[in-house]
Protein chains: 4
Amino acid sequence: MRAEAGSAEQIAREDAFAARVAERSVSPLWVGRRGVDLTRPRSPATAAVWTYERMRPDLMEAGELVSAEDAFRRVLVLENPAFPGEMRVTNTLYAGLQLVLPGEIAPCHRHSQTALRFVVEGEGAYTSVDGERTWLHPGDFVITPQWSWHDHGNEHDVPVMWLDMLDTPLVGFLDTVFRENYPEKLQPIVRADGTSPARFGNGMRPIGQMSDRAASPVFSYPYARCRENLMTVAAGGAPDACHGFKLQYINPTMGGPATPTMGAFLQMLPAGFAGAEYRSTDGAVFCVAEGTGRVHVDGGTIDWGPHDVFVVPGWHPYRLEAETDAVLFSTTDRPVQEALGLWREDRSGGAGS
Amino acid sequence: MRAEAGSAEQIAREDAFAARVAERSVSPLWVGRRGVDLTRPRSPATAAVWTYERMRPDLMEAGELVSAEDAFRRVLVLENPAFPGEMRVTNTLYAGLQLVLPGEIAPCHRHSQTALRFVVEGEGAYTSVDGERTWLHPGDFVITPQWSWHDHGNEHDVPVMWLDMLDTPLVGFLDTVFRENYPEKLQPIVRADGTSPARFGNGMRPIGQMSDRAASPVFSYPYARCRENLMTVAAGGAPDACHGFKLQYINPTMGGPATPTMGAFLQMLPAGFAGAEYRSTDGAVFCVAEGTGRVHVDGGTIDWGPHDVFVVPGWHPYRLEAETDAVLFSTTDRPVQEALGLWREDRSGGAGS
Amino acid sequence: MRAEAGSAEQIAREDAFAARVAERSVSPLWVGRRGVDLTRPRSPATAAVWTYERMRPDLMEAGELVSAEDAFRRVLVLENPAFPGEMRVTNTLYAGLQLVLPGEIAPCHRHSQTALRFVVEGEGAYTSVDGERTWLHPGDFVITPQWSWHDHGNEHDVPVMWLDMLDTPLVGFLDTVFRENYPEKLQPIVRADGTSPARFGNGMRPIGQMSDRAASPVFSYPYARCRENLMTVAAGGAPDACHGFKLQYINPTMGGPATPTMGAFLQMLPAGFAGAEYRSTDGAVFCVAEGTGRVHVDGGTIDWGPHDVFVVPGWHPYRLEAETDAVLFSTTDRPVQEALGLWREDRSGGAGS
Amino acid sequence: MRAEAGSAEQIAREDAFAARVAERSVSPLWVGRRGVDLTRPRSPATAAVWTYERMRPDLMEAGELVSAEDAFRRVLVLENPAFPGEMRVTNTLYAGLQLVLPGEIAPCHRHSQTALRFVVEGEGAYTSVDGERTWLHPGDFVITPQWSWHDHGNEHDVPVMWLDMLDTPLVGFLDTVFRENYPEKLQPIVRADGTSPARFGNGMRPIGQMSDRAASPVFSYPYARCRENLMTVAAGGAPDACHGFKLQYINPTMGGPATPTMGAFLQMLPAGFAGAEYRSTDGAVFCVAEGTGRVHVDGGTIDWGPHDVFVVPGWHPYRLEAETDAVLFSTTDRPVQEALGLWREDRSGGAGS
């Protein structure tokens, strides 16, 4: 019955067999995998940048076009150019820039997706999470853990913008989407400002009180302190050849990442830093907090400056360079890949493939 | 600039804006989400069954059509009818029936995907994992952890078939696919048969020796023992209203699931068992070890008997019934969902939605 | 005010000061530590052996002297010769040989101490733990976790003896002793024999059911299986230079030791084995399951044979030798020391001190 | 052979038997336990106070009597009145007041004991731990983890005093004492001041860098921040009936206690606070940071004010009262008891016993 492997005759027979069993929802593995190379990741995503210069006018125009309340969330989603219309910036992550104008409210809801915020511009806005309010300042990193009630408001007189990072594609892929609106626009505030960081964020914890979920009970990481931190670390040692000085935001009640599905990082590149080539399996979205520089990736170069957002897909080699002292915020799905034993990195500079 | 929310004029303006920014890889969130219901999972997958009566002839025909070695793995993939051509049985899992004929070898390789095997028919075949061989018997549950070298062979005179479950769609979605062939057809055997279970599988462990990965160092769970186990548990208590008597295969060096990405279960339904309605966010693939019964799901009924395979998508309510005493093996991605805080179940019998 | 350090004058002054402040419950550290060497452990305990030949008649005499019920527990405690009257065999552990005669009952109680049993002689007795009964056979290892109700009985016609190992000195030192008698002689049996091992002891676990305490939910480790295990491991590799082939009993729901305060081990020494010198900070109590041999320790030699019990204090170097194939059971407080970061071992053969 | 249980004749026989087997290092359990009540802890330790008014002159006199270098550590040990000469303040803990005068050095060494410091008086001293220096201020909590090199110095012009808390009795009981002097008086400083808190102490952590030991990599918890923390928590909720507002110092890379053997706590009692009766199995040593009050314990009352040290033995019921707003530092062995499953508390106010 068998013809020579790879012969036209054999291939024709296999294809005929495949066509026949397809009706029964069956597919011969070796036919479907013919010529497919699975030796390494080949993300179809591409590197891309969204400059602040370009995004801010669009965002302000959106502000005129629709109210935060009518939009529920007035966000311009950053889509990977390889995935138009899919609302994802990497295979697993969603990114968007959100605008809240003075006096506006983004109403309260909760969902199974986790959201991270990195504040880009403005003062006077807040995010409330599970009954406690946090005021937002540029550079602050704020989390809204999965299934926590949250709403946003702007009580000042200037627009406030931030980068939203969500695990929406991942949660969608896993078919675990749940969402619920709060019966009122705003949830009631039940704890004084600063209670959560005082309880959990300073190397202390209320006796006998463990956090009841994987995400950090401290939901705000103020830029003032994180930046000072980073500068102290940078002053005290040699930079990593690829990353400069790089810290991860953690959950202080467990030591792990601030949220179970997304890792967030803050890194400092000294002026003149020319990083070695690097790649890892987790695609990264960067937001520039300070400084200017460029990234070499996908055979080209992307220049970046304050508030620009750029994406580097997983396993695409890249090199970071800084013109001035620079601070970059970034987010990836590394915690997911690490939890499942799938994360890898490569510092060989392309010696492998 | 704003027209009334929801008015034709406003919608037209928003659509025009969306079309304009789309060129810049930007998408207004509230436009894209118009009318989309995200309140709960709505898996497009459907329930389906692959009867042994139907599959066995196809598999034997595949055996005539191609050798195990030429095919590398002679597997008929079970595709969810809602995902033709995608080689997945649920959103995250791959299932296939593999045949190894007397004298054949399925050559050695390794990959970042984890594979589970549940033996359906035949005696005399083995799987080798990282230098140790395990002989396969019907009902045995065997794992090949991610990145472990493995090959299969049949040294007896009857065909051997098993169900393969892999996390291929998940690992593909995460863009963490790595694969490597061993330089020779078979890896060398470096430990006596039975060494791993003796070291780790009987409530003991070599002093000072921890396992170096999340997957169980015991890679074979023989049916003879697991079945006796299940019957002892079944003899000693009342069945769960939805599941009968249900055990999970675990990693005895950690207590968690046998592998970090897929959970595997063995459950016993006493003759006449009529289960209550149940749903959970993890879609399940069942393989019947013994007995006959049916499952009510997606508005229909699927009858099942020995060696049949059937799938129940996540969050689709279902009810299990047994005609005779029955034993079901099943696999889901529950460990992934639990690790990320996303797993939910519902025993309310459809009271919610 | 100060005289030369170490001078008689200075010492006198310091002593006078010490005497004066002693009235106020104050003590100068440097005075109290004068000449004390704290560079390494110097356990005052000594190595010792209790031969079965010597112990059995004493135990049988105790059986005539008092009933199990009147004694509550008819145990002859093995006291380290360096600690007469202190009921401890090492600094932290208690050891005793218990006898239950045909028809006797050792009544039900519970306590904050953990107890381990290693059966020495006899068939037909049981231990009940939290509503489940386990039948005892020579060589079986059985645990009664802290605060679990337990009673023993002998329903056969021969005496049954076992070695009891408890953390009594440790729990006493920590001042955490609690004890309670059950209102009746025996607790009710609420689960069929074999339920706990079926639920947790074979690489499986009831879905959704975690154990609620640190100790293993499997409280019996039958010798038949453990011995077979050990022999398989011994057949498949080279012995450790100091320990031969040595396995630890573990809690299969966590991977850690069977109990949080005491580690238990089973090791096989092939005939002719001459072990290298070894010491670790945990003192060990050995009970010979099979075979004959000797231990070189404390400058002398102890010969051992079946059912003998011997102790090696912590940080005392020792060497094990086997005349015949031998199997040794042992217990130490290593889990405590490891949990606190204090455990050390030394395989240098006395090169250090 | 048996006489009536409890009869003079039977007791005499048992005693004779006990005397005879004692020669063989054997002791009948039921004889030794006759009349002993093991139903609950009965710590022989007593409550006690060491007032600052009384201790400071003694400490200054010690300063004249001996140099820090000659004493190695110039410490006045606080001995529980029930344990004279034993250098322990509870069953498991050592407490002492240490003085370092201007210009002095306490030379570098390391040991398997863990030490905690709570600064009582003075500015201008430092502790160096594993190559990094921390400057001490009143109220600062500083740890020197087991086996870490550490030395102290005073570079200012005023005396500096602190409370030392060590697990010396515990480590001694476990026979795991190791100690080593550094070849020079001071270890070299290899990291800038503030590096460790910047790396690990602010909700961040260097990427890919886990701590390699159970103790916190942040070894200083400055009072300024901890106090502010405590006051924020106190402002935001109702006090615990027994403890007022009480926080535990934690290891931010794990969420557990700052060290594996000793827990440290800071609590705020508002003026007029009258605590409910409380007891737990861990004996506690308190040091008053601010304010005045009293503790009712052991049938008496102890008044306390700034810098006083008092001890409450385990399972002795006590009630705290504050005259003024007060801040108390305290240390216990609770982490040990919790790790071993032995810790208990009782808030019933003596309803039990």
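The values are calculated or read from the model by the stated rules, or taken from the named source; none is laboratory data. Keep in mind it's a predicted model, so treat the numbers as computed, not measured. Note: ideal-geometry Cβ built from the backbone for every residue, glycine included; neighbour counts use all protein chains shown. For the accessible areas, the whole protein counts, side chains as well, though only heavy atoms, and no ligand, DNA or RNA atoms are used. Shrake-Rupley method; radii C 1.70, N 1.55, O 1.52, S 1.80 Å.
So how far apart, in nm, are the two label points at B:His156 and B:Arg347 if each is 7 Å from Cα heading toward Cβ?
3.9 nm
Could you compute how much accessible area chains B and C hide from each other, both sides summed, with a 1.4 Å probe? Nearest 100 Å² is fine.
That pair of chains buries around 2900 Å² in total.
Using a Gaussian network for chain A with springs between C-alpha atoms less than 10 Å apart, which of these wobbles most: A:Thr134, A:Thr301, A:Thr259?
Ranking A:Thr134, A:Thr301, A:Thr259 by mean-square fluctuation puts A:Thr301 first.
Select from B:Val218, B:Val31, B:Val171 the residue whose mean-square fluctuation is largest in a Gaussian network model of chain B (Cα-Cα springs shorter than 10 Å).
B:Val31
Quick one: in region A:213-300, what % of C-alpha pairs are over 16 Å apart?
Pairs farther apart than 16 Å: 62 percent.
Under unit Cβ charges (Lys, Arg +1; Asp, Glu -1), what dipole magnitude, rounded to 20 debye, does region B:225-353 have relative to its Cα centre?
In debye, rounded to 20, region B:225-353 gives about 260.
So, in Å, what gap is there between the alpha-carbon centers of region C:204-283 and region B:214-271?
First find each Cα centre; the distance between them is then 23 Å.
Keeping all protein chains in place, calculate the accessible area per residue for the protein assembly as shown (probe 1.4 angstrom), answer in Å².
Computed with neighbouring chains in place, this is 34 Å² per residue.
For the protein assembly as shown, what does -39500 (n - 2.57) per DSSP helix run (n ≥ 4), summed and divided by total residues, give at 222 nm, in deg cm²/dmol to the nearest 500?
Estimated from H runs of four or more residues: -5500 deg cm²/dmol.
I need the shape label for region A:1-138. Rule: rounded when a/c is under 1.5, else prolate if a/b > b/c, else oblate, with a, b, c from the alpha carbon gyration tensor.
Prolate, since a/c reaches 1.5 and a/b exceeds b/c.
Peptides B:274-284, C:159-169, C:187-197: what's the order by average Cβ count within 10 Å, highest mean first?
The densest-packed peptide leads the list: C:159-169, B:274-284, C:187-197.
Say R0 is 22 Å: what FRET efficiency, to the nearest 0.05, do D:Ala235 and D:Ala274 get from their beta-carbon distance?
0.60
Take the Cα atoms of the protein assembly as shown, build their convex hull, and give its volume per residue in Å³.
With only Cα atoms used, the protein assembly as shown gives 204 Å³ per residue.
Can you list the residues, at least 5 places off or on another chain, whose amide H is less than 5 Å from the amide H of D:Phe72, using H built in the peptide plane?
Amide H neighbours of D:Phe72: none.
List the residues, sorted by chain then number, that are 5 or more residues from B:Gly256 or on another chain and whose placed amide H is less than 5 Å from its amide H.
Amide H neighbours of B:Gly256, under 5 Å, 5+ apart: B:Asn251.
Please list 3J(HN,Hα) in residue order for region B:237-250, calculated via the Karplus relation 6.51 cos²θ - 1.76 cosθ + 1.60 where θ = phi - 60°; whole Hz, with x for glycine and proline.
Rounded to whole hertz, the list is x, 8, x, 5, 4, 9, 10, x, 10, 9, 10, 10, 6, 10.
Round to the nearest 0.05 the FRET efficiency obtained for C:Arg191 and D:Phe72 when R0 = 41 Å and r is the Cβ-Cβ distance.
That gives a FRET efficiency of 0.10.
Work out from phi, with θ = phi - 60° and the Karplus expression 6.51 cos²θ - 1.76 cosθ + 1.60, the ³J(HN,Hα) of each residue of region C:56-69, listed in order in whole Hz, and give x for Gly and Pro.
Karplus-based 3J(HN,Hα) across region C:56-69 equals 4, x, 4, 5, 5, 5, 4, x, 7, 6, 8, 7, 4, 6 Hz.
Run the numbers on region D:56-73: which residues show a drop of 50 Å² or more in accessible area, chain on its own versus all protein chains together, using a 1.4 Å probe over heavy atoms?
D:Asp58, D:Glu61, D:Glu64, D:Leu65
Compute the accessible area of each residue in region B:219-242 twice, once for its chain alone and once with every protein chain present, using a 1.4 Å probe on heavy atoms, and list those whose area falls by at least 10 Å².
At a threshold of 10 Å² (probe 1.4 Å), the residues of region B:219-242 that become less exposed are B:Tyr221, B:Arg225, B:Cys226, B:Asn229, B:Thr232, B:Val233, B:Gly236.
Kindly tabulate the residues in region B:166-188 with an accessible-area decrease of at least 40 Å² between the chain alone and the assembly of all protein chains, using a probe of 1.4 Å.
The answer is B:Phe173, B:Leu174, B:Asp175, B:Thr176, B:Val177, B:Phe178, B:Arg179.
Roughly what angle does helix C:8-22 make with the longest principal axis of chain C, taking Cα atoms, 0 to 90 degrees, to the nearest 10?
Result, in degrees: 50.
Indicate the gyration tensor shape class of region D:48-346 (rounded, prolate or oblate), computed on the Cα atoms with a ≥ b ≥ c the square roots of the eigenvalues: a/c under 1.5 is rounded; otherwise a/b larger than b/c is prolate and the rest oblate.
rounded
Restrict the search to region B:291-346; then list the GluC sites (Glu not before Pro) that DSSP places in a loop and that have at most 16 other Cβ atoms within 10 Å of their Cβ.
For GluC sites (Glu not before Pro) across region B:291-346 that sit outside H, G, I, E and B with at most 16 neighbouring Cβ atoms in 10 Å, the list reads B:Glu323.
Which residues' amide hydrogens lie under 5 Å from the amide hydrogen of B:Phe273, considering only partners 5 or more residues apart or on another chain, with H built in the peptide plane?
For B:Phe273, whose amide H was placed from the backbone, the distant partners under 5 Å are B:Ala322.
At 1.4 Å probe size, with the rest of the protein present, what percent of the exposed accessible area of region C:48-346 is carbon and sulfur atoms?
In region C:48-346, the share of accessible area belonging to carbon and sulfur is 52 percent.
If Lys and Arg each add +1 and Asp and Glu each add -1, what is the summed charge of the other residues whose beta carbon sits under 14 Å from the beta carbon of C:Glu132?
0
Pop out the ³J(HN,Hα) list for region D:141-151 in order, Karplus 6.51 cos²θ - 1.76 cosθ + 1.60 with θ = phi - 60°, rounded to Hz; leave Gly and Pro as x.
Result, ordered by residue: 10, 10, 10, 10, x, 3, 6, 9, 4, 8, 9 Hz.
So, in nm, how far is label D:Arg225 from label C:Glu9 when the simple model puts each one 7 Å beyond its Cα toward the Cβ?
5.0 nm
Taking every residue in B:246-258, how many Cβ atoms of other protein chains lie within 10 Å of its Cβ, on average?
The per-residue average across the peptide is 6.
Only Cα pairs within less than 10 Å get springs; with that Gaussian network setup on chain A, which residue of A:Pro44, A:Pro107, A:Pro257 has the largest fluctuation?
Result for chain A, Cα springs under 10 Å: A:Pro44 fluctuates most.
Can you pull the mean other chain C-beta count within 10 Å for peptide C:27-40?
6
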